[in-house]
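Here is the structure we will look at.
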Amino acid sequence: MENYKLEPSFLNSTINFEESLNPQQLQAIYETDGPCLVLAGAGSGKTRVLIYRLAYLLKKGVSPKNILLATFTNRASKEMIHRAETLLKSDLSELCAGTFHHIGHLVLRKEAYILGYSSNFTIVDSEDAKNLITECFEDLGVDRKNKMFPKKGIIYNIYSLAASSQQSIDQVLFKFYVHLEEFTSPIKQVISLYNTKKSETNVMDFTDLLTNWLKILQIPELCEKYSQTYQYVLIDEYQDTNRLQFEIIKLLSSCHKNILAVGDDAQSIYSFRAADINNLLNFPKHFENKKIFKLQTNYRSSPEILSLANEIIKNNMNQFHKQLEAVCNSGEIPHIVETKDVYQQARFVTQRSIELNREGIPLNEIAVLFRSRFQALELEMELLKRDVPYIIRGGLKFFEQSHIKDTISYLKITCNPKDEISFKRAICLHNGIGRGFANKIWNKLNKEKKSLLEIERSLPKKPQEGFAEFSDIYDSLKTIINPKEALKRILKFYRNYILVSFDNPNERILDLEELAKMGANYPNILDFLNALGAFEDFKGERNNNPTGHENTLILSTIHQSKGLEWKVVFLIGFCDSDFPHPKALVSQNSLEEERRLFYVATTRAKSILYITYPQTKYTFKNGIISTQPSMFFYELPKHTYDEMIVQEG
């Protein structure tokens, strides 16, 4: 290990660790050598542990140049460094800290020549990477107008997921994209050419920053160089690491084994992004002479909320058992609320949020969480009706989403054939028709007054087929009065388009089925569109509060809520067939991840927790059906919640 002259302020720091940390945290901080796993329960101060571990290493005399801190966001890294600098009253600019991609980038600027790159290689963002894939389509003769061939974004995601999980393209297609297996051979050809083009043009994408970093570390002398340089490796959010990141971590710590991994298996909910919970669960197998510390003191939630959370997660078999203990004062017992249907659920959540706000709780301290995006549609409409400002975390409002706008465009031209924007949007969804042909078709139809049949006969073969398909849908919609039936007809075609165009097709199909369910409440398509038109806010900014976020209700999927907290949390749609997700029932591992989602949702709440489920719901296939609470409800001891039934006069 190279010796560095330390700043005197590190050594002379007067930090009192004993006064600043609880016994669990202190134990995790003082054990600096060897592999250490810190199991940080929800709200237990994991960031504090990382900051103080960093401070303790520096106070011991370790140079900042010999420490590597890997986080999952640059924001998290900057926050930790800032807090550590404030604590130590010293500059930590020499510390190697940041996301895995950032650190990999720094290494590759020095070593990429070994892999055939020059040091001035350029990094392309995901949009440029997808455009390069488009070039591969052209070089390979892939018909870009074939709407049934996977879009460039899907192929990029397949490539990235395979690299992140260290699996083959075949394995990823079988596991996540089984509906695309017929395209396996051309997909592999596109990805192979894509990788060749990057290498030939001295370009790397974000995934390459990790895969190429791993290749560097797999060279023994370079592995020793970087492992000796970074004598202490600190990893945040270890439960969210993928297999590729694990291989990098293992090699970085190979010489000294001084790795501190901080995470919580109970909050591992990102397997769809290739996060591998086994990195954490198998830590004792991966690293000999490991030390395991548990942070079980929760500084966020009331004892009543933690009692419920502890009961939720204890039903998982694959876990490190933890029992969260509260520091906060006693509060309300969690409420499990039965409503008549999703509309009453929306009215209850809206009214209760208004009441809590009147009682002094800011709206931005109230969050509504849901398992799937479609579950918030009725709530959004109720909030708009009641003029309650809200924001969707990490996503668009329901009617801003492209698949919703695509579908509604068909309904609009059925009622208004002169709607040029909607006409072109709808027709471009069909094989062989891009913006150029869409413009020509529109002009022939409206300026030259050609019939649909005349236009079809005038087109080349490929766009002719797509236009014929469009005409068939257009003609059939003219004979349909009921909006639900119209949407079913559109979805018959559009379902296949979704499967090859979007990375989360099943969720988008559920959105459209929810839209069709809503349409069943209206006598005709025009009335349905008029009702949608009344909610102009759906088409505007994500935040419909012009004064800012200070008093704005938060709506979020559970996945987007991780790491956040609110005084009040509503978890809606807690019913059978929605939560857990039906696809999760096929395996124990998937079911356990759904249970972790439930755990994450409840531990976002500080003081008040409502879990709601509708007694009936309208389904796309079977109409109105009775529902039961989620299977997870029946795992909970009755003393951990009270039951409410909403009665509306």
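The values are calculated or read from the model by the stated rules, or taken from the named source; none is laboratory data. A quick note: this is a predicted structure, and the numbers were derived from the prediction, not measured. All Cβ positions, even for glycine, are placed from backbone atoms using ideal geometry, and neighbour counts span all protein chains on display. Only protein heavy atoms, including side chains, enter the accessible area calculation; ligands, DNA and RNA are left aside. Shrake-Rupley method; radii C 1.70, N 1.55, O 1.52, S 1.80 Å.
Results, tabulated for the structure shown:
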item: Reduced Cα scattering model of segment 566-649, Debye log10 I(q)/I(0), q = 0.16, 0.25 Å⁻¹; result: -0.72, -1.36
item: Whole-number D in µm² s⁻¹ for the chain, Kirkwood Cα-pair radius fed into Stokes-Einstein, 4 °C, 1.567 mPa s; result: 47
item: By accessible area with a 1.4 Å probe, ligands and nucleic acids excluded, highest first: order of TYR618, TYR299, TYR177; result: TYR299, TYR618, TYR177
item: Accessible carbon and sulfur surface of the chain relative to its total accessible area, %, 1.4 Å; result: 49
item: Fraction of alpha-carbon pairs over 19 Å apart in segment 384-477 - percent; result: 46
item: Translational D in µm²/s for segment 125-238 (Stokes-Einstein at 20 °C, 1.002 mPa s, Kirkwood Rh from C-alpha pairs); result: 136
item: For segment 170-284, radius of gyration divided by Kirkwood radius, i.e. Rg to Rh on alpha-carbons; result: 1.04
item: Principal axes of segment 222-261: Cα extent on each, largest first, Å; result: 27, 17, 11
item: Label zone at THR616 (point 7 Å along Cα-to-Cβ), backbone N below 18 Å, segment 495-512; result: none
item: Net dipole in debye of segment 283-418 [+1 Lys, Arg Cβ; -1 Asp, Glu Cβ; about Cα centre; nearest 20]; result: 560
item: Computed FRET value (nearest 0.05) for SER626 with ASP143, which takes r as the C-beta separation and R₀ as 45 Å; result: 0.40
item: Alpha carbon convex hull of segment 471-510, volume per residue in cubic angstrom; result: 58
item: Segment 162-220, Rg to Rh (Cα coordinates; Rh as Kirkwood inverse mean 1/r); result: 1.03
item: The chain: relative contact order in percent, alpha carbon pairs under 8 Å with at least 6 residues between; result: 18
item: For the chain, accessible area per residue (1.4 Å probe, heavy atoms of protein chains only), Å²; result: 43
item: Cα-based convex hull volume of segment 60-202 per residue, rounded to whole Å³; result: 147
item: Rg [Å, one decimal], Dmax [Å, integer] - segment 246-405, C-alpha atoms; result: 21.0, 62
item: Exposed GluC sites (Glu not before Pro) absent - longest run of the chain, DSSP non-H/G/I/E/B, at most 13 other C-beta within 10 Å; result: 95-287
item: Sites ASN496 and ASN282 - FRET efficiency at Förster radius 25 Å, r taken between beta-carbons, to 0.05; result: 0.05
item: Point-charge dipole on Cβ atoms (K/R +1, D/E -1) for the chain, about Cα centre, debye to 20; result: 1140
item: Debye equation applied to the C-alpha atoms of segment 402-534, log10 I(q)/I(0) at 0.10, 0.20 Å⁻¹; result: -0.32, -1.19
item: Where N is the number of residues in segment 68-127, Cα Rg divided by 2.2 N^0.38 Å; result: 1.37
item: Tilt relative to the chain, helix 243-252 - C-alpha long axis, 0 to 90 degrees, to 10; result: 20
item: Relative contact order %, segment 303-357, counting alpha carbon pairs below 8 Å whose residues are six or more apart; result: 40
item: Cα centroid separation - segment 589-618 against segment 108-127, whole Å; result: 44
item: FRET efficiency estimate (nearest 0.05) - Cβ-Cβ, ASN120 to LYS447, R0 60 angstrom; result: 0.70
item: Where the Cα pairs of segment 253-336 fall when distances are cut into 5 Å bins, in %; result: 3, 12, 19, 19, 18, 14, 8, 5, 2, 1, 0
item: Beta bridge orientation in the chain: antiparallel %, DSSP, nearest 5; result: 10
item: For segment 325-340 and segment 451-493, distance of Cα centres in Å; result: 53
item: Violating pairs (Cα-Cα greater than 20 angstrom) within the set LYS285/LYS314; LYS250/LYS291; LYS418/LYS444; LYS492/LYS517; LYS152/LYS440; result: LYS285/LYS314; LYS152/LYS440
item: Chain lengthening between LYS567 and LEU106 when straightened (0.36 nm per residue, less Cα-Cα); result: 161.9 nm
